[in-house]
Amino acid sequence: AIGALNLLASTHQQMLGDPEFRALRGAAKVMSGRYAEATADLSSPAIANDPSAALWRGYVASQTGQWKEARKAFGQGYGALNQMAPKWRARFARAGAEAGLALGDLGVARTQLLMAQAAKAGVEEDLATSLVQAKLFEAEGDREKALAIYDALAQGREGPLQSAAILRATQARLAQGQITPVKA
């Protein structure tokens, strides 16, 4: 898709000023993990005030650890969230929760997690949301609930998710003195 869009832009330069084109190419680049390239499209003046483009900008910011920018963009895009497919609704809300956690705003994180769960985006997305839920429990001081979720996710077959859960559980147990540094 990105190749076809790039070809279209190279043969029809006026497309670079088209809001739908810039948003579509930006979203395609986000989906392929090409965040720096996506930022160029999603920052186009043609879509600067578009709420759905703001969601994509927020997602890019969250994936690159720019938490304040993520929170701002998600706030600008909130009105378009229900227009998104359930999978992306869950991902945007979960990324918003992660931004809230990173900024110490647990209320925002809690609200965003409820929206991610309400998206009913399928098992894979629900498991990823559970990992963030466990991080919220940990931030709230409920390490037992967090560890229960981490341990459950660690038993799964989702490679990166399983690895993240094992790491978080290990870090929590080490911090609590339940295991030694050598065991960790």
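The values are calculated or read from the model by the stated rules, or taken from the named source; none is laboratory data. No experiment lies behind these values; they were computed from the predicted model shown. All Cβ positions, glycine included, derive from the backbone under ideal geometry; neighbour counts span all protein chains shown. Ligands, DNA and RNA are stripped out before the accessible areas are found, and what is left, the full protein with its side chains, is counted by its heavy atoms. Shrake-Rupley method; radii C 1.70, N 1.55, O 1.52, S 1.80 Å.
Looking across region 119-177, the residues that are open to solvent by 30 Å² or more (accessible area, probe 1.4 Å) and either touching a strand residue (DSSP E or B) at 6+ places or on another chain (Cβ under 8 Å) or acidic (Asp, Glu) (or both) come down to GLU124, ASP126, GLU138, GLU140, ASP142, GLU144, ASP151, GLU158. Once region 44-72 is narrowed to residues that are open to solvent by 40 Å² or more (accessible area, probe 1.4 Å) and among the polar types (S, T, N, Q), the residue that is nearest to the chain's Cα centre (by Cα) is GLN63.
Would you check if GLU37 is in contact with a Ser or Thr (Cβ under 7 Å, 6 or more places away or on another chain), open to solvent by 10 Å² or more (accessible area, probe 1.4 Å) and without any contact (Cβ under 8 Å) to a residue 40 or more places away in the chain? In short, no. Beta carbons closer than 8 Å, at least 6 apart along the sequence or on distinct chains, pair a first residue in region 49-76 that is within 21 Å of ARG34 (Cβ to Cβ) and touching a residue at least 40 places away in the same chain (Cβ under 8 Å) with a second that is of a type outside the set (Asp, Glu) and open to solvent by less than 40 Å² (accessible area, probe 1.4 Å) for GLY58/ALA70; GLY58/ALA73; GLY58/PHE74; GLY58/GLY77; GLY58/PHE92; GLY58/ALA95; GLY58/GLY96; GLY58/ALA99.
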